[in-house]
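One structure below.
The values are calculated or read from the model by the stated rules, or taken from the named source; none is laboratory data. Values in this document were obtained by computation on a predicted structure and should not be read as measured data. Backbone-built Cβ (ideal geometry, glycine too); neighbour counts: all protein chains shown. Protein only, heavy atoms only, side chains kept; ligands, DNA and RNA dropped before computing areas. Shrake-Rupley method; radii C 1.70, N 1.55, O 1.52, S 1.80 Å.
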There are 2 protein chains.
Amino acid sequence: MLETASEVREAVRSGRFRQPTAGVAGGYVQTNVVILPKDLAFEFLLFCQRNPKPCPVIEVLEPGQTEARLTAPGSDIRTDAPRYRVYESGQMSAEHDNLAELWRDDLVTFLLGCSFSFEQALIDAGIALPYIQCAPELRRNVPMFNTNIETVSAGPFAGPLVVSQRWIPSAQVVRAVQVTSRFPGVHGAPIHIGDGSVIGIPDPLQPDYGDPWPPSSGDLVPLYWACGVTPQAVALASGTPFMITHAPGYMFLTDLRDQDLSVF
Amino acid sequence: MLETASEVREAVRSGRFRQPTAGVAGGYVQTNVVILPKDLAFEFLLFCQRNPKPCPVIEVLEPGQTEARLTAPGSDIRTDAPRYRVYESGQMSAEHDNLAELWRDDLVTFLLGCSFSFEQALIDAGIALPYIQCAPELRRNVPMFNTNIETVSAGPFAGPLVVSQRWIPSAQVVRAVQVTSRFPGVHGAPIHIGDGSVIGIPDPLQPDYGDPWPPSSGDLVPLYWACGVTPQAVALASGTPFMITHAPGYMFLTDLRDQDLSVF
C-alpha cells in the first residue's frame, strides 16, 4: 500500500498518514526539510556548501516553488511531510499538519540528506544496528550529541556540529567507514571513532537528543557521524527570524533510491 | 622559488608572474574563478549544486569579500589570478591583469574545482597523459566538446554540458574510472566512455575548445569528463549581464593539496 515514495506522499497529503517515516517505503531517500525566506537563502546554501557533512543538499527549490521537480515530481512541499515546525526569532512557535496558511512566494525550500539512507547500507553490509533491527514498538531514536567542533559559519549562520552515535563491533569499524564513505550525500564517513571526549562529548551514554544506546558488550566502539540536526541547531543558535522545518522523524520522501546517492 | 601556492599568489600579485598556471606549484589545488553580482549569486550557487560534476564548488566568498579565508588565507581575489576576463551581456568585453578598478562591494566570488587535480591522480596511477607528460614547449590544452546533454537549469542559468576528452588504454579504463571517482570535488568520474556520438560529439578529433589529441594507437578509448568550461559557456549562453572570470589556463591557486579533495 505504502511501498513507493509517491504513495506515501499521497497518503500524507490526504491526511491518511501522520506518523514518523522511519522504515516507511524502504529504499527511498528521505530528507530533512528547511524552508527560509529568500533573503536568507544564499547564506544558508553557502552554509550547506561549507558544511557538506552535516548539511548534504539533495535539492533546493527556487523561491516560491512548491514542487521538488528534480527528486519528487508531482510533490507539494506544503502538504507532503507528515508534520512541520515553525521557528520565529530562534524559538519554536508552532507545529502544523500542512503549510497551506503559512506559504509565501518568497520561501525557498532546502531538502537535506538523512542518515536513514546510510543506515540501510550499514545493515546491508552485515553491521547490526539494534535500535532499528527490532520490533517496531522497541525502536528507539539514534543518540545525538552536541560537540566542541564549530561549523564553518556563513552570513548569520553559525554554531556547533551535532553528531549521531552508533556502536559498531571493533572488527567491523573499517567496513563501516568504507560503506558510509560511499554516501557523501547523506553525511558520508564518520567524523570520529572512539573516545568522545576528544570532540567534546563528556558521557557517551547521555545524549543531548534522541535515546541512549548502551553498548551490549565491551567489543563495541562508538562511531560519530555528522548529523542532520545541525542545521536546525545552528539556525536556532543564530536566532533565525523565520524558518519552517519538518518535525524530527517526520521526513519528506523523494523518488530517489538510496543507491542513487552512492558515489561509486 | 614558486613551490607553494602562496609563493605563486605573491608573484602574481607583484606582477612577476603572468603565465598560464599548468604545472606550477604541483600538488596544490588550482581553481576556476567566477565572480557575479550578489543578485545572481543564489541562482548561480543553485546551478552549481544542481550540476556538481561540471561545477564543483571549492569555496564561495561572501559578498564583497576579497580573501579566500578557507582555502587561501592571505589571498586577494582581485590580484592573485594571472589574468581575468570580463563579460557583459553574454559577451567578453575586456581582459585585465587585476580587478583593482572593477571591484565592487556586491561581488560574490566562486572558486570551482579544476581537472589539474585529477590529471595528477591519473598520472600517479600510471595512466599516460601525453599532452601533459612532454616537454613544456610541446604541451597542448586538453580537447573539450559541447554535448547534447543539458545542464539542470537554475534561475537564468541554462545551457549545454561541456566535456573534456582523454584517450586511455583499454586495459586502464576501469582504473581511470576508479581513480577519478575518488575526486568528486574536481569533476569526479567520467560521464561517458567510448562513442562520442551518443552524447552529441560528431567527430572526436575536432574539439570545440582546446587542442585535438589524435590517439596514437587503436587500443585507446576516449573518456569524457564534465568540464569546468561549462559554467562560463552557460553564463554566456544565458546572456549574464555582468561576470568576471579568470582567463582560461590562468588559474587561482589555493593552499589545499590535491589529496585534500579525495573522498577516500
Worksheet item: Which whole-Hz couplings ³J(HN,Hα) result when phi for each residue of the range A:95-104 is put into the Karplus expression 6.51 cos²θ - 1.76 cosθ + 1.60, θ = phi - 60°, listed in order with x for Gly and Pro?
Response: 10, 9, 7, 8, 10, 3, 8, 9, 5, 9
Worksheet item: Which of the cysteines in chain A are isolated, no other cysteine C-beta under 4.7 Å?
Response: A:Cys114, A:Cys134, A:Cys227
Worksheet entry | Rounded to whole Hz, the Karplus (6.51, -1.76, 1.60) HN-Hα couplings of the range A:23-29, x for glycine and proline | x, 8, 6, x, x, 8, 6
Discussion item. So, for the range A:141-264, what is the accessible surface per residue at a probe of 1.4 Å, expressed in square angstrom?
Written reply: 38
Worksheet item: Once you wrap a convex hull around the alpha carbon atoms of the range B:67-177, what is its projected area averaged over all directions, in nm²?
Response: 10.7
Item to complete: Add +1 for every Lys or Arg and -1 for every Asp or Glu among the other residues with Cβ under 15 Å from the Cβ of A:Val24, and state the total.
Response: 0
Worksheet item: Given a 1.4 Å probe and every protein chain left where it sits, what share in percent of the accessible area of chain B is carbon and sulfur?
Response: 52
Item to complete: Please list, in chain and number order, the residues 5+ apart from A:Gly90 or on another chain whose amide H is under 5 Å from its amide H, with Hs placed from the backbone.
Response: A:Thr240
Worksheet, complete the sentence: Treating only Lys and Arg (+1) and Asp and Glu (-1) as charged, each at its beta carbon, one finds that chain A has a dipole about its Cα centre, in Debye to the nearest 20, of 280
Worksheet item: What are the semi-axes of the equivalent ellipsoid for the range B:126-264, taken as the square roots of 5 times the Cα gyration tensor eigenvalues, largest first, in whole Å?
Response: 25, 19, 16
Discussion item. Taking θ = phi - 60°, what integer Hz values does the Karplus form 6.51 cos²θ - 1.76 cosθ + 1.60 yield along the range B:245-253, in sequence order, with x for Gly and Pro?
Written reply: 9, 5, 7, x, x, 9, 8, 9, 9
Fill in: 7 Å along Cα→Cβ, label-point gaps from A:Ser170 to other copies, nm, shortest first
4.9
Item to complete: Find the centroid of the Cα atoms in the range B:1-59 and in the range A:226-264, then give the distance between the two in whole Å.
Response: 30
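About the Cα centre of the protein assembly as shown, what is the dipole size in debye to 20, counting +1 per Lys and Arg Cβ and -1 per Asp and Glu Cβ, all else neutral?
Using only the charged Cβ atoms, the result is roughly 540 debye.
Enter the per residue convex hull volume of the range B:1-117, computed from alpha-carbon coordinates, in Å³ rounded to the nearest integer. Intermediate results must be reported in sequence, preceding the final value.
Details: hull volume 13.1 nm³, N = 117.
Convex hull volume per residue, Cα atoms: 112 Å³.
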Item to complete: Would you mind listing the distances between the A:Glu101 label point and the same position in each other copy? Use 7 Å along Cα-to-C-beta, nm, one decimal, shortest first.
Response: 6.0
Worksheet, complete the sentence: Ordering B:232-239, A:210-217 by per-residue average of other C-beta atoms within 10 angstrom, highest first, gives B:232-239, A:210-217
Worksheet entry | chain B, relative contact order [Cα under 8 Å, separation at least 6], % | 31
Worksheet item: Given a 1.4 Å probe and no ligands, DNA or RNA in the count, how much accessible surface is buried by A and B, both sides, to the nearest 100 Å²?
Response: 1900
Worksheet item: Could you give the dipole magnitude of the range A:75-178 about its Cα centre, charging the beta-carbon of Lys and Arg +1 and that of Asp and Glu -1, in debye to the nearest 20?
Response: 520
Discussion item. For the protein assembly as shown, take every pair of Cα atoms, bin their distances at 20 Å starting from 0, and report each bin as a whole percent.
Written reply: 21, 53, 25, 1
Worksheet item: In the range B:32-90, what is the volume of the convex hull around the alpha carbon atoms, normalised per residue and reported in Å³?
Response: 107
Worksheet item: Over what distance in Å are the Cα centres of the range B:137-207 and the range B:82-136 separated?
Response: 17
Worksheet item: If each of A:Asp219 and B:Phe264 carries a label point 7 Å out from its Cα toward its Cβ, how far apart are those two points in nm?
Response: 2.4
Worksheet item: When the chain is fully extended, how far beyond the present Cα-Cα distance does B:Glu67 get from B:Arg257, taking 0.36 nm per residue of separation?
Response: 66.6 nm
Discussion item. For chain A, what are Rg and Dmax over the alpha carbons, in angstrom?
Written reply: 17.7, 54
Worksheet item: Anyone know which of B:Asp208, B:Asp219, B:Asp195 comes out most mobile in the 10 Å Cα GNM of chain B?
Response: B:Asp219
Worksheet item: Across the residues of B:41-49, average count of Cβ atoms on other protein chains within 10 Å?
Response: 5
Worksheet item: Name the residues of the range B:56-71 whose accessible area, probed at 1.4 Å, falls by at least 30 Å² once all protein chains are in place instead of their chain on its own?
Response: B:Val60, B:Glu62, B:Leu70
